[in-house]
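Here the structure is laid out as C-alpha cells; the discussion comes afterwards.
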Amino acid sequence: MTSALRAIIVGGDADSTSLLKGLLAAMSAVLVVGEFERLSQALQDGPARRPDLVIVELDADEATGPDGPPAKVVEALTRAFPDATVFATGPSVSVDFVIQAIRAGAVEFLRRPVQRDDLSAAREKLFRLRRASEPPARAGRITSVFSTKGGLGVTTLATNLAVCLAERSPGSAILIDLDTRQSDIVTFLNLRQTYSVLDVLENLERLDESLLHGFLVKHASGLWVLPGPTRIEQRSQLPAQRVQAALEIIRSHFDHVVLDLRHDFDPGTIAALEASDTILYLTSLTVSALRSGSAGLAALRHLRIDLQRLKIVVMRDGTGEDVTLKHAQEALGLPIYWRTPSDYQTVVSSINKGQPVVTAAPRSKIAKNLRELAGGLFRPGSASRPGLTRSPSLMRLVWNTKGIPGDG
C-alpha cells in the first residue's frame, strides 16, 4: 500500500498555486498540508507540517528573485526539510537553469504551467524512490462493517468484533464511527467522548501519533475508539480525500482498524470501502433487506470495488421461514459467509447496559457466534492485502439507498 504524501507549496502567484493545488487534489495519495508565498514563511512554519514533498515555484530570473537566486532557494529548502523531496517548477527557461535547480537538490523540474501527466510521472518517480529507501511500513488491516439498510446490526457487529480484537492484544485495535451523525458507538460501549472523527479529519496537516491518541477514547477492553460527532452535524458527507488520508495514517499505528460505516454511498464511505481489506456486508432474510442489498452490490460493481473482499453476513438468522438462505444467495449472487443467530433480548440488554454482548453475556449464542466470527476473520499472521490500488471512480457516484438512520 502507498502512504499518502504530505506536500507543501512554496512561492508562486495565486493562479499558479491554485492550478497546482487542483492537480494535486485530483491525484490519490497526495495531501497538501501547507502553502507559503515566501521562502521565509516556509522555513519558519513548514517543518511543523512534516512534509514528504516540497514543491517550490521558482522565479524566471536566474540572477535573483523575490527570495534570492533560485538555486539558493532550492538549497535552503533541502537543508530545512532533509527528510522531504523537493520538486522545482519554473517557466520555459534555459537548460542551465534546470541543471542549477537539480544540482541544488531538486529531484525533479517541472515546466510551468505544470501539466497533469508531468506531475503524475514525477509523483510516481517519488513513490519508487521511497519504496526503495524505506523499510516496510506498518499497515494495519482495515475491516469495514457495512449495510445499505439501517437496523441490521452494523454497530452491534462492529463494536463486538473490535472488542474481541482488543482483548487479544490491548492497544492494537481501533474502532471508528465514520459518520456525520450522532455516534451510537459511545452508547453501545458507555463511553464519554470529547472529540470525534471530524476533529481528526480537520487536523490531518498536523496529525501525528500523539495528537491522534489525544482524539481517541479508550475502552476497558483495551480498544481505542474514534467516535462520531456528539450531535448531528450540518455537513452531510465526509470528504473522500481526507478519509483516505486519515485511514492511511491511522492504519500505520494500529494492527486492526474496524470501521462502522453509514448506510449510503457518500464519498467518505466509498473511500473507506476502497481502503478496506475486508468488507462485512450485512443483510437479513427479509425481502426489503435483500432488495436493498442487491442494489448496493450493483453500486459496488459500478464503483469497481473488488467483490472478492466482500463477505456476506446474514443477521438474525432463524427469524422466519418465508425467505431462506437459498433465496438470499440467489438474490445477491454471492455465497453467504456467516450467519448470526437471532437473540434480540440479549443484544438489547447489553446495549442498554453499555456493554458489548461478548462480555455482558459471554455464554449466550450470539456472543459465542461473534467470537467465532472474529476468530475466523482475524487469524494470527493475517496481513493487509498488498499492492492496494485506488479506483478512479471514487468521486463518480453518490448513491443514496435511503437507509434508516440509527444502528445499522
Task: Residue count for segment 310-334, restricted to those that are touching a strand residue (DSSP E or B) at 6+ places or on another chain (Cβ under 7 Å) and either at pLDDT 95 or above or aliphatic (A, V, I, L, M) (or both) - done: 10
TODO: Look through Val32, Val86, Val74, Val54 and report the one residue that is in contact with a Phe, Trp or Tyr (Cβ under 6 Å, 6 or more places away or on another chain) and of a type in the set (A, V, I, L, M, F, W, C).
DONE: Val54
Open item on the list: Filter segment 16-51 down to the residues that are touching a residue at least 60 places away in the same chain (Cβ under 8 Å) and open to solvent by 20 Å² or more (accessible area, probe 1.4 Å) and list them by number.
Closed with: Ser16, Leu19, Leu23, Ala25, Ala26, Ser28, Ala48, Arg49, Arg50
- [ ] List the number of the failed condition for Val98; all other conditions in (1) touching a residue at least 12 places away in the same chain (Cβ under 8 Å); (2) farther than 14 Å from Ala42 by Cβ; (3) surrounded by 15 or more Cβ atoms within 10 Å (Cβ to Cβ) hold.
- [x] (1)
Task: Conditions (1) in contact with a strand residue (DSSP E or B) (Cβ under 6 Å, 6 or more places away or on another chain); (2) more than 19 Å from Phe254 (Cα to Cα); (3) not hydroxyl-bearing (Ser, Thr, Tyr): number failed by Val225 - done: (2)
Open item on the list: Which of the helices (runs of 4 or more DSSP H) found entirely inside segment 14-91 contain at least 1 residues meeting this: under 25 Å from the mean Cα position of the chain (by Cα) and modelled with pLDDT under 90?
Closed with: 14-25
TODO: Please determine, by comparing only the residues of segment 351-408 that are assigned to a loop (DSSP other than H, G, I, E, B), hydrophobic (A, V, I, L, M, F, W, C) and touching a helix residue (DSSP H, G or I) at 6+ places or on another chain (Cβ under 8 Å), which one is modelled with the highest pLDDT.
DONE: Ala361
TODO: Count, please, the residues in segment 336-349 that happen to be part of a helix (DSSP H, G or I) and either surrounded by fewer than 18 Cβ atoms within 10 Å (Cβ to Cβ) or free of Cβ contacts under 8 Å to residues at least 60 places away in the same chain (or both).
DONE: 5
- [ ] Output the helices (runs of 4 or more DSSP H) that fall wholly within segment 225-335 and possess 2 or more residues being surrounded by 22 or more Cβ atoms within 10 Å (Cβ to Cβ) and out of contact with any Ser or Thr (no Cβ under 8 Å at 6 or more places or on another chain), or say none.
- [x] 240-250, 267-275
TODO: Please go through segment 303-330 and pick out each residue that is within 22 Å of Leu273 (Cα to Cα) and in contact (Cβ under 8 Å) with a residue 24 or more places away in the chain.
DONE: Leu303, Arg304, Ile305, Leu307, Arg309, Leu310, Lys311, Ile312, Val313, Val314, Met315
Task: The one condition in (1) open to solvent by less than 20 Å² (accessible area, probe 1.4 Å); (2) more than 16 Å from Ala106 (Cβ to Cβ) that Glu57 fails to fulfil - done: (2)
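The values are calculated or read from the model by the stated rules, or taken from the named source; none is laboratory data. Quick caveat, the model's predicted, so the values are computed rather than measured. Positions of Cβ are generated from backbone atoms using ideal geometry, with glycine treated the same way; all protein chains shown enter the neighbour counts. We work out accessible area using only protein heavy atoms, side chains counted, and drop any ligands, DNA or RNA first. Shrake-Rupley method; radii C 1.70, N 1.55, O 1.52, S 1.80 Å.
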